[in-house]
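Any read-out appearing in this document is the output of simple, stated calculations on the displayed coordinates, not a laboratory observation. Keep in mind that what you see is a predicted model, and the values were worked out from it rather than measured. No Cβ is skipped: glycine too gets one built from the backbone with ideal geometry, and neighbour counts run over all protein chains shown.
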């Protein structure tokens, strides 16, 4: 039970809701539980061909020749394309990624050729028949090395491996603050590649009609922006002024992986264009690991200082990010990292710079948190170190520096609702930080700030909604939002049902089709509940006003005496007019009216200026995670004993789905902290399967305790803020801090493998060598 | 080589001509139009293709179609009653948040069904063990495990042990 | 994926003769979970698969009353072993291993014979069986022969079996009283693992004392094949089993292992884990002996 008055002070009346705040089942759950839900895997069109892509055999090489004769001669092969055969389609916002490479490959995942055939097996065989002659080039895999003058260039025309993206800010005076600081820490942290591991692999079907209008069925989080990307490809093909329709079947997981359009989607379009038949490209699991973009790896240097009371005085950070060979949204993650760097805890002086560097590795993408997990790992690890240096209890240190409602941070973020103090309290109370403990057991905590009210990355952060009602009081909602499993359809249905006095089952949400649904910038930045929710709420309010006016006219009762609930209008607790009857009356009458409304909501947030200042989100979400671990000091294995995740979510529209976001985020975060890594050896993915890429299993599941702090945000729909990403943001530093508490060693590089922990223990105990390898007869360093 | 096999599919006698090199998942999805079982990896590492053969959960992507001759196969399409009534596990997954993107759901529910058929009162450890071969990236498994626990024979007395800590705000 | 024909012999001899008539282009298949993956990935490309599932032998699991030996048919699935109370109560070292092989779905189908023939260095199924001095019965066109399991493996994917031979049975001799065994698969997550290292320890104590009468220390992923670490075993025999002697045995086993660096783990770490786990499994052996005696 959350008392609004107590929490917020601004709320005058305790609101009673019929749908909001209830644990309501997902609207698509029955279809998914019965196998009816259709994914890209399940779709087939008549006459459809199967496309397949040939990838590079080298991380960096000249392409001398691509021999396609044998492939073309294979019966069943309809189209074979190479980089020489197609117009110059380039992918990504930086346009540095040719759809099919000609002249040169820059990573193992470079697309060299593609085929379309009548059967997937024939397509596979055709790919194996394509003969490519390469001339290997020196390659570069370490982003810090890649910055040296002698490093091979990934894109010669750029004359440097450094991307021209000057991520650099300085607020206040960090140098002066360093002189004032009494306690200081200075450290290096690193994170590596992890990947989304959507259970449903990537896939797309492209289909042209006889007028060259294009329909693309694809797993995307950004239907409207994908439509734009596909239009650009058509333009390069010389196809102008045609319609592009993007249809999104059920998506087997997103997590940021579908924030861009990819070669396989554009390749399906080109193959369909040349073959004049629908073409489907569906990734196999190994391809999913190799040819989708992982989370950006980072090397972070951080120094931070405080005064003798423990108040933070400055935070000085610099980063090197491995961009890989091409550019996708991963390169822009510093824009979001700036948020925790400048604004997680009160810190008056901040400096940050980030370099994105081309290498011959796979190119990176955003993944759940958009850079925030990497930045928060460094910040929250260093916070613990600084608290220790200052001799201040870790929880107290965070209390002292906690953000508070009304703060304006150095970056210009305006903190409105802020439940961070409550989150810290909830965690510290639950984990009893002061409690004496057994050997090898330790507790740790870490907090987060994240955009909770959209994020103005593009010129617009908007989302459209259309609502119409039928003769029976049923509601159709057409939203720009993208449900990829997180449950946005359900949240939108609840918001609309609450506002229109109907049940969730009366509301059907359509999100799947750009021909039907309004525009939106995509499912990212935990923005959907806030932005699409406000958009739907605005449309529902318009309908509600009209319904009230009509009902007042029909009943002769004043509007303010009419209560709209349970599918009817009530006067003094008695139903007087069912909504359905009112609607039929409005339709079946001369000069009747249709009950339909639209609404476009663009939140009151700001693009960042050239100085990277600006209130990028209309509100911010906060949270604190606490964890109790047990470290096996002989093996270095870390076991999680207790986990608590407290989140300020504004309002829990649906606690059932909210818990799901938190539990899912936490386990993904635990994987990031302890087990997951794409093992890249000289640009080659060495573990492209679930056997060696360690996604956690049900046996590793953690019964995390999700605590909801409701701060009822003024801007949020019914007070709600975003929660999609925060669950995996502070997990790794909370665990790293708990390990330090347990055994006194600090691991600064993710993932925290048993090897790293054991090596650190040995180092701490003065053991440097881990002995002679009996097989190689070489001395083995422990680290 | 083409051959004919007879088996019981979701309660119905079925006779179908197959090729020797087909696996069960291919037969179900591509030839019989039952797309509930999914291919997540094709090599038995994710469990999205799980179906029940003669009472045992198996990875249909690694099961020779010819070997189901004479056997009984249950897929997610056959779990609900003929009148559409959902199986208790389906209901529970729906109402307890066991489903997000849904790609793992058919396999997950069938693994749980095979467990409960064999052991109607599993412990949490039994449930985790039975579901270990079904990967899920969305839920963190917590609500999946709760979904299974919620249909465990109520007389065991242990089933309400799952504490909901989030406290409804209503 | 290569197309193949699937042959279903009804007897052991029929299976063997089918193999002979398709010399070089046929392979046997039981559960098929490994074979199918290898065919899909192109690592195997047979024209014929010969199913062993219907030959009417190889499904037995039980103790021979006369000899007291445990007989495990080659076609017994891991799941059958996992759920057998005989295995769980009397051969917990086997239970330790089989309950962590793959997933329930895999264990429902994959067979112990297939696990052995597959001959991967980790061979979870083999490590405890070697510790138990198991022998393997092999049947082929030349008749039946018996091989000690410890000598069965020759390298990754390589065994002493001749082309056309079939593992019909694994026989575990009756263990002396006061014997306890334990196996640990050491991986990065709790399930679905190939081990970083696998360690099996079996200890027999002398009557009325804590002195070691017999010891087996077997390792997986410590060499190209599953191995026994003889120096560690010899060290323990005749000694009191204490934390110190087990530690020493762990050190010897670690020295004898031929661990390597790979994507899955580093050699130094694997060696450390041999040392730690030999000691821990040794302690578990003692516990199990005590538990049995307390019954």
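How far, in degrees from 0 to 90, does helix C:267-294 lean away from the longest principal axis of the Cα atoms of chain C, to the nearest 10?
Here the helix axis deviates by roughly 80 degrees.
I want to verify the translational diffusion coefficient of segment A:615-761 in µm²/s; compute it with Stokes-Einstein, Rh as the Kirkwood radius over Cα pairs, at 4 °C and 1.567 mPa s. Present the calculation step by step, with values, prior to reporting the outcome.
Details: Rh = 16.6 Å.
The diffusion coefficient I find is 78 µm²/s.
Within a 10 angstrom radius of each residue's Cβ in A:688-696, how many Cβ atoms of other chains show up on average? Whole number is fine.
Details: counts 0, 5, 9, 9, 7, 1, 5, 7, 10.
Per-residue shielding by partner chains comes out at 6.
Rounded, prolate or oblate: which fits segment C:5-51, taking a ≥ b ≥ c as square roots of the Cα gyration tensor eigenvalues, rounded meaning a/c under 1.5, else prolate when a/b beats b/c?
Oblate, since a/c reaches 1.5 and b/c is not below a/b.
So if I average 1/r over every pair of distinct C-alpha atoms in segment A:256-363 and take the inverse, what Kirkwood radius in Å does that give?
Details: mean 1/r = 0.0593 Å⁻¹.
The answer is 16.9 Å.
Average partner chain C-beta neighbours within 10 Å, per residue of B:73-81?
Working: counts 0, 0, 1, 5, 3, 2, 3, 4, 0.
So the per-residue partner count for this stretch is 2.
Set the Förster distance to 41 Å, then compute FRET efficiency between residue A:65 and residue B:12 from the Cβ-Cβ distance, nearest 0.05.
Numbers: r = 56 Å, r/R0 = 1.35.
Plugging the Cβ-Cβ distance into 1/(1 + (r/R0)^6) gives 0.15.
Could you sort the peptides A:695-703, A:320-328, A:185-193, C:54-62 by per-residue average Cβ neighbour count (10 Å cutoff), highest mean leading?
A:320-328, A:695-703, A:185-193, C:54-62
Taking the Kirkwood radius as the inverse of the mean 1/r across Cα pairs, report the Rg/Rh of segment A:310-401. Mind dumping the intermediate values first?
Working: Rg = 15.0 Å, Rh = 14.2 Å.
Across segment A:310-401, the Cα-based Rg/Rh ratio is 1.06.
Using only Cα positions of the protein assembly as shown, each an equal point scatterer, no hydration layer, compute I(q)/I(0) via Debye at q = 0.05, 0.07, 0.08 Å⁻¹ and quote the log10 values to two decimals.
The Cα Debye sum returns log10 ratios of -0.36, -0.73, -0.96.
Could you work out the mean count of beta carbons from other protein chains within 10 Å of each residue's beta carbon in A:649-662?
Numbers: counts 0, 0, 1, 5, 1, 1, 7, 7, 3, 2, 10, 11, 5, 3.
Neighbouring Cβ atoms belonging to other protein chains average 4 per residue here.
Over the Cα atoms of segment A:462-601, Rg to Rh with Kirkwood Rh, two decimal places?
On the way: Rg = 15.3 Å, Rh = 15.2 Å.
Checking Rg against Rh, the ratio lands at 1.00.
Quick one: pull the percentage of alpha-carbon pairs in segment B:88-158 with a separation above 21 Å. Mind showing how you got there, number by number?
Numbers: 305 of 2485 pairs.
The proportion of pairs with Cα distances above 21 Å equals 12 percent.
Over segment C:178-244, what portion of Cα pair distances is larger than 14 Å, expressed as a whole percent? The partial results should precede the final answer.
Numbers: 1354 of 2211 pairs.
I get 61 percent for the Cα pairs in segment C:178-244 exceeding 14 Å.
Under the definition of Cα pairs under 8 Å and six or more residues apart, what whole-number percent is the relative contact order of chain B? Walk me through the numbers before you get to the answer.
On the way: 286 pairs, mean separation 36.1, N = 170.
Rounded, it is 21 percent for chain B.
Could you work out the helix-only [θ] at 222 nm for the protein assembly as shown, with each DSSP H run of four or more residues adding -39,500 (n - 2.57) and the total divided by the number of residues, to the nearest 500 deg cm²/dmol?
-8000 deg cm²/dmol
Report, as a whole number in µm² per second, the diffusion coefficient that Stokes-Einstein gives for segment A:643-703 at 25 °C and 0.890 mPa s using the Kirkwood radius over alpha carbon pairs. Write down the numbers at each step before the final one.
Details: Rh = 13.6 Å.
For these conditions, the coefficient is 180 µm²/s.
Under the definition of Cα pairs under 8 Å and six or more residues apart, what whole-number percent is the relative contact order of segment C:5-51?
Once normalised by length, the contact order is 55 percent.
Take the Cα atoms of segment A:20-142, build their convex hull, and give its volume per residue in Å³.
For segment A:20-142, the hull spanned by Cα atoms encloses 206 Å³ per residue.
With the Cα gyration tensor of chain B in hand, give its eigenvalues times 5 under a square root as the equivalent ellipsoid semi-axes, listed largest first in whole angstrom.
Equivalent ellipsoid semi-axes, largest first: 31, 16, 14 Å.
When only C-alpha pairs under 8 Å and at least 6 residues apart count, what is the relative contact order of segment A:502-621, in percent?
Reported as a whole number, the value is 20 percent.
Quick one: A:168, C:103, C:85, fewest Cβ neighbours within 10 Å first, how do they rank?
Working: A:168 14, C:103 29, C:85 8.
Listing A:168, C:103, C:85 from fewest to most nearby Cβ atoms yields C:85, A:168, C:103.
Please state, as a whole number in µm²/s, the translational diffusion coefficient that the Stokes-Einstein equation yields for segment C:61-172 at 10 °C and 1.306 mPa s, with Rh defined as the Kirkwood radius across alpha carbon pairs. Present the calculation step by step, with values, prior to reporting the outcome.
Numbers: Rh = 14.0 Å.
Roughly 113 µm²/s, to the nearest whole number.
Take residue C:240, project a point 7 Å from its Cα along the Cβ direction, then tell me which residues of segment C:175-210 have their backbone nitrogen under 15 Å from it.
It comes to C:206, C:208-210, nothing else.
Find the Cα radius of gyration of chain C, compare it with 2.2 N^0.38 Å by division, and give the number to two decimals.
Values: Rg = 19.2 Å, N = 295, 2.2 N^0.38 = 19.1 Å.
Output field value: 1.01.
For q = 0.14, 0.18, 0.21 Å⁻¹, what log10 I(q)/I(0) does segment C:179-294 give under the Debye formula with an equal point scatterer on each alpha carbon and no solvent?
Taking Cα atoms of segment C:179-294 as identical point scatterers yields -0.52, -0.82, -1.05.
Fewest Cβ neighbours within 10 Å first, please rank A:52, A:527 accordingly.
Numbers: A:52 25, A:527 30.
The order, fewest Cβ neighbours first, is A:52, A:527.
Mind grabbing the base-10 log of I(q)/I(0) for segment B:2-78 at q = 0.12, 0.13, 0.16, 0.22 Å⁻¹? Debye formula, identical points on the C-alpha positions, no solvent, two decimal places.
The computed values of log10 I(q)/I(0) come out as -0.26, -0.31, -0.48, -0.95.
Percent antiparallel among DSSP beta bridges with both residues in chain C, to the nearest 5?
Working: 41 of 48 bridges.
Antiparallel bridges make up about 85 percent of those DSSP assigns within chain C.
Which residues in segment A:539-560 have a backbone N closer than 13 Å to a point placed 7 Å from the Cα of residue A:591 along the Cα-to-Cβ line?
Zone members listed by number: none at all.
Just rank A:690, A:600, B:93, A:93, fewest to most, by other beta-carbon atoms within 10 angstrom. Please report the intermediate quantities before stating the final value.
Details: A:690 22, A:600 17, B:93 30, A:93 13.
Fewest to most other Cβ atoms nearby, the residues stand as A:93, A:600, A:690, B:93.
If you line up the long axis of helix C:12-21 against the longest principal axis of chain C, both from Cα atoms, how many degrees apart are they, to the nearest 10?
60 degrees
For segment A:349-442, just the Cα atoms, rotate onto the principal axes and tell me the three extents in Å, largest first.
Extents along the principal axes: 49, 40, 26 Å.
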